[in-house]
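A short worksheet on the structure shown next.
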């Protein structure tokens, strides 16, 4: 969330935006109270979807998913979130405006970038100094994207 909020402040300071936005049509408070049944909490946790940010520009809405290291799961998440906007009653207030998906990342994975572009997802890189320090605490394996591999010709 730090990556998202810093990026929003740098790029959309004067625009309306929300962070950690719930998407979909489940009742807003289902499973969020300690007095709810365990089943209601399970349903909420299993099916609630949260976009990292929505930015409300005059001509379009941006759905932002952020990853410190670009990851293919972000592509599927953004595709799902875009589909959930019309099913989010409190967000479908601008139905005539286009929705643009944005994958925000600090460290690029070239193959993920290619896949995202193929899906029409906008890429945004923001790599502040604290990211390297944080990733170093996670260990070498998680601190960088996989090395791109050449594909063998199909015969």
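Where does each of 4, 112, 64 land when they are ranked from fewest to most other beta-carbon atoms within 10 angstrom?
Arranged by neighbour count, lowest to highest, 4, 112, 64 become 4, 112, 64.
Sorted from fewest to most neighbouring beta carbons within 10 Å, what does the list 7, 50 look like?
Final ranking by Cβ density, sparse to dense: 50, 7.
Taking 0.36 nm per residue of separation and subtracting the Cα-Cα distance, what length does fully extending residue 130 through residue 16 add?
Gain on stretching residue 130 to residue 16: 38.4 nm.
Among 85, 121, 110, 63, which comes first, then next, by fewest other beta-carbon atoms within 10 Å?
110, 85, 121, 63
Every number here is computed from the coordinates shown, using simple stated rules; none is lab data. Bear in mind that the values here come from a model prediction, so they are computed numbers and not experimental data. Heads up, the Cβs are rebuilt from the backbone with ideal geometry, glycines too, and the neighbour counts pull from every protein chain shown.
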